[in-house]
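Worksheet: one structure, shown below.
Derivation of every value follows stated rules applied to the coordinates shown; laboratory data play no part. No experiment lies behind these values; they were computed from the predicted model shown. So basically every Cβ, Gly included, is an ideal-geometry build from the backbone, and we count neighbours across all protein chains shown.
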Amino acid sequence: MAVNCPFCQYPNFADATKCRRCGKALPKMCPSCGHPVADGATFCATCGTIFEKDKVDPETYKTKSLRRRSYDDERRQNEEQERADAVEQFKPKLHRLKKCPECWHNISEEAAFCPYCGTRFDQELPPDTPPTPSVSVRQPGEKPKLAEPEKGSPKAAAEKLVARTAPGKPPAPVAGKKPAAKPKAAAKPAPTPAPGKMPTPPTPVPSKAAAPPTPIAAGRVFDPEMLYLVPGAYPHPAGGPAKLETRGFRLARTPVTCAQYKTFCDQTGHAPPPDWFDGAPLPEKENHPVILVSLADALAYCVWAGRRLPTSTEWAIAYNGRTLRAYPWGDDAAAAKVTTAESGAITTTPVQAQTDDAGPFGHVDLVGNVRQWIFDPDPEAMPPLPGELPAGKFGLAGASWTDPIWLAARGRVDFINDPKFFGYMLGFRCASDA
């Protein structure tokens, strides 16, 4: 049974004495109702459970309960309310927008000036004030104004025409006619080779687009994001004679970024994450891993992309390779720079920002940045109905920018029971069959 920390509400194991997130000591919990009790308490003041019956007279504290609901129902309702309150605090403040009358940008309705062109709305401008020259003041649908014909005597117009067509200057373009194309220079004849010598063929220039992808150790690249892991038997993270068998699969080099997820939302109409503003990720975060996605959101993206979520076995193989180790780069946690709680990061970092944390097959961000969804489907379950999640076990792998680095040691996966869980530390990456 998981125990929520009363200080940060992070779930911990039942026998834990310290919170694995904030590090504070966990108080003593009642084994019946799970509420915290004092260290020297002999009974629970919430449900009345007696801990040391030899020190307490049950007849003295016997009372008649007037509750109509069981303690399990009340505890379940309290947990659902706490979960709902935790979700509410992640919803950002919604701002109403308006159009700037000068540059036509979206700005806040409460703004006193436009941050793009500097137009102030608390004071009226003179009617002869020219528009800002750095932006276009033409509104959508408005046709550009044509230049008026020059006024003046015919002699002045003729002098201007002569000045425009003077030698050494190109003729001015005439409205409604395309400018004459410049005559092409005559092609130079090929040099005639000397008698008795064969002409030297030109050196071919390699095309960058046709260059083959860079090979990866113990794997090969199918496309710029997916890496192939060869079939075979791999060591089990727990050690011993047990092995992990795989028929070969492909796993994304990096987690799904905000730019990739925005393409999915634009093409399918899927709701964007709640931390985005106006249907787009925050500035300069397009290459960061997408966060605040639930299991249903990750599965919907994988179906749209023709891929799936990795299994716990595939995660362990990509994490350890053919040699057991504490971390993808070795046993020393400080040998690689990763975005975890030890780094003091205040948010996520762009994918592939660190290259020394790559795993044995070239995958990055297996440790740090975001925790990632893992799904083990049930092969004997019936196909899911429309709107339902497939049957199986799902969990979280890796460590995020708010977690300690040991949370991801040896490819550990924490299975959970809440498929609607999401947070600022949670993302995902895609996998597919070979």
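DSSP loop (so not H, G, I, E, B), at most 13 other Cβ within 10 Å: list which GluC sites (Glu not before Pro) in segment 230-292 pass both filters. Those that pass, being in a loop and sparsely packed, are Glu284. Close amide H partners of Cys430, meaning residues 5 or more places away or on another chain with modelled amide H under 5 Å apart, are Ala252, Val256. In a fully extended conformation the segment linking Arg322 and Glu342 would gain 4.4 nm over its present Cα-Cα distance, using 0.36 nm per residue. Using a simple spin-label model with pseudo-atoms 7 Å out from Cα toward Cβ, Ile50 and Asp356 lie 6.3 nm apart. Label positions at Lys18 and Arg120, each projected 7 Å from the Cα along the C-beta direction, are separated by 5.7 nm. Note: relative contact order over segment 219-433, using C-alpha pairs below 8 Å and six or more positions apart, is 26 percent. I need the shape label for segment 271-361. Rule: rounded when a/c is under 1.5, else prolate if a/b > b/c, else oblate, with a, b, c from the alpha carbon gyration tensor. The shape class here is oblate.
What FRET efficiency do you get for Thr42 and His270 if R0 is 51 Å and r is their Cβ-Cβ distance, rounded to the nearest 0.05? The formula returns an efficiency of 0.40 here. Between Glu82 and Asp332, the simple label model (points 7 Å from Cα in the Cβ direction) yields a spacing of 4.2 nm.
Checking the Cα-Cα distances for Lys285/Lys420; Lys18/Lys285; Lys243/Lys285; Lys98/Lys262; Lys18/Lys337 against a 29 Å cut-off, the pairs over it are Lys18/Lys285; Lys243/Lys285.
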